[in-house]
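Engineer: Take a look at the following structure, please.
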Amino acid sequence: MTKKEWPLWEIFIRGQHGLNHRHVGSLHAPDAEMAIRNARDVYTRRKEGVSIWVVPSAAITASAPSEKGPLFDPAESKVYRHPTFFDIPDEVGHM
Amino acid sequence: MYAQMVKSEGMKSLEEMSPEERAFQERVDRGDKIEPKEWMPEGYRKTLIRQIGQHAHSEIVGQLPEGNWITRAPTLERKAILLAKVQDEAGHGLYLYSAAETLGVSRDELMEKLHSGAMKYSSIFNYPTLTWADMGAVGWLVDGAAIMNQVPLQRTSYGPYSRAMIRICKEESFHQRQGYAIMMKMAQGTPEQKEMAQDALNRFWYPSLMMFGPSDKDSVHSAQSMAWKIKMNTNDELRQKFVDETVPQAEYLGLTVPDETLTWNEARGHYDFAEPDWSEFFEVIKGNGPCNEERLGARREAWDKGAWFRDGLTAYAEKAAARRAASNVAAE
């Protein structure tokens, strides 16, 4: 029995040309090359992608759930960042 | 169902809960998704590991009864389809192991628990697949029963589990329809072929009903799991839904559901049907089903005989990494 567990990789797939790679899940593999091969079998059996990225899960730093408030709440009061905040008269035309 | 009789933790009332537990329950009630790094009650985490782990094991062990027929599929096309289905099952197992791993258990630990018998897989996979018609019955009934359970689980409270379910449900419909297509072909074939289809239905009907787990009155773990939204419907609700959907499909095939008591109950708007033999279910769960030893034996053998290959890949990865490190040093 293998004592050493294979590292975990996070898998990102580009669904179509022109779109971002999107996180689809994770898998185990001994190295990056095998992670790509496994990702092809596990996550693209139905033509879900045109490109694969693999990243060691250990390399990902995540924001802490407890920081959700301080990180994201300040954006709530800054509604002027959205274009619809400003009333532009119809006479001006499309802007 | 793919997870049966998952032991849950004791249920607390809102008053008995700690402030953290209460806040957690309120989030679940609101329909929030719980994500891996967020606080969760220890019982929630443990129950989910058991449930998702058992579900993953069922997908993996579920490959075996169908694998039995890959080399003997009647046509090349049927063989390719069955291969694709069995490959999907492996994929489903992997999605679910990944979901379980976010709860702080490793895949190898889960594998080890499957192989030692410490964790279970669905009772259904301890029945043999004797004829090609069984490939039809398994897809139609077993995957059909799985879908009943998995569709509501897409809304489960645990984010990674919910996302795995969404992925699985997208693929599962192919499984059920390919099974029903086999049944249609057999039922419209020669009298012998139709007889094989009937025989497969006869053998898989009650074991499929058992997949939903014991009757609600005997199901002791439901309340807490339902409060946590890791179980969305009771066993009896899902079983009834399955019978109501499946009986007309059997009628279309011209096959007879092996239940003399089966009748449409106009007042209830549901079929009345006979319960499976629960003593048989508990025996199968205990390890005394027709194929328990064979299935677990095949799993262990595959794991042990694959060790050299896993080790080889690890050794290659280590050597390649060392070579890269050496060439980087040389270049500096």
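Engineer: Please specify each residue of the stretch B:43-62 satisfying the condition of being in contact with a helix residue (DSSP H, G or I) (Cβ under 8 Å, 6 or more places away or on another chain) and more than 14 Å from every other protein chain (Cβ to nearest Cβ).
Structural biologist: Across the stretch B:43-62, the qualifying residues are B:GLY43, B:TYR44, B:THR47, B:LEU48, B:ILE49, B:GLN51, B:GLY53, B:HIS55, B:HIS57, B:SER58, B:VAL61, B:GLY62.
Engineer: Suppose we filter the stretch A:42-77 for residues that are among the charged types (D, E, K, R) and farther than 23 Å from A:GLY18 by Cα; how many remain?
Structural biologist: Of the residues in the stretch A:42-77, 4 are among the charged types (D, E, K, R) and farther than 23 Å from A:GLY18 by Cα.
Engineer: Against the definition (in the same structural domain as B:VAL138 (by the TED database), of a type in the set (Phe, Trp, Tyr) and surrounded by 17 or more Cβ atoms within 10 Å (Cβ to Cβ)), how does B:TYR2 come out, yes or no?
Structural biologist: Against the criterion (in the same structural domain as B:VAL138 (by the TED database), of a type in the set (Phe, Trp, Tyr) and surrounded by 17 or more Cβ atoms within 10 Å (Cβ to Cβ)), B:TYR2 does not qualify.
Engineer: Mind checking which residues of the stretch B:5-42 are surrounded by fewer than 17 Cβ atoms within 10 Å (Cβ to Cβ), among the small types (Gly, Ala, Ser) and away from every other protein chain (no Cβ under 14 Å)?
Structural biologist: B:GLY10, B:SER13, B:SER18, B:GLY31
Engineer: Determine which single condition B:LYS7 fails, assuming it passes every other condition in (1) in the same structural domain as B:ALA227 (by the TED database); (2) part of a loop (DSSP other than H, G, I, E, B).
Structural biologist: Only one criterion in (1) in the same structural domain as B:ALA227 (by the TED database); (2) part of a loop (DSSP other than H, G, I, E, B) is unmet by B:LYS7, namely (1).
Engineer: Only residues that are more than 20 Å from B:GLU89 (Cβ to Cβ) and either away from chain A (no Cβ under 14 Å) or in contact with a His (Cβ under 8 Å, 6 or more places away or on another chain) (or both): list them for the stretch B:159-188, please.
Structural biologist: Within the stretch B:159-188, B:MET184, B:LYS185, B:MET186, B:ALA187, B:GLN188 meet the criteria.
Engineer: Filter the stretch B:268-287 for residues that are within 14 Å of B:PRO207 (Cβ to Cβ) and not hydroxyl-bearing (Ser, Thr, Tyr) and give the result.
Structural biologist: Result: B:ALA274, B:GLU275, B:PRO276, B:ASP277, B:TRP278, B:GLU280, B:PHE281, B:PHE282, B:GLU283, B:VAL284, B:ILE285.
Engineer: Next up: State yes or no: is B:THR314 more than 26 Å from B:LYS120 (Cα to Cα), part of a helix (DSSP H, G or I) and among the β-branched types (Val, Ile, Thr)?
Structural biologist: Taking the combined requirement at face value, the residue satisfies it.
Engineer: Please go through the stretch B:276-293 and give me each residue that is part of a helix (DSSP H, G or I) and either in contact with a helix residue (DSSP H, G or I) (Cβ under 7 Å, 6 or more places away or on another chain) or free of Cβ contacts under 8 Å to residues at least 60 places away in the same chain (or both), ordered by number.
Structural biologist: B:SER279, B:PHE281, B:PHE282, B:GLU283, B:VAL284, B:ILE285, B:LYS286, B:ASN288, B:ASN292, B:GLU293
Engineer: Inspect the stretch A:17-38 for any residue being away from every other protein chain (no Cβ under 14 Å), in contact (Cβ under 8 Å) with a residue 12 or more places away in the chain and within 21 Å of B:PRO160 (Cα to Cα) and give the result as yes or no.
Structural biologist: yes
The values are calculated or read from the model by the stated rules, or taken from the named source; none is laboratory data. Everything numeric here is computed off the predicted structure, so don't read it as measured data. A quick note on method: Cβ atoms are made from the backbone with ideal geometry, for glycine too, and the neighbour counts reach across all protein chains shown.
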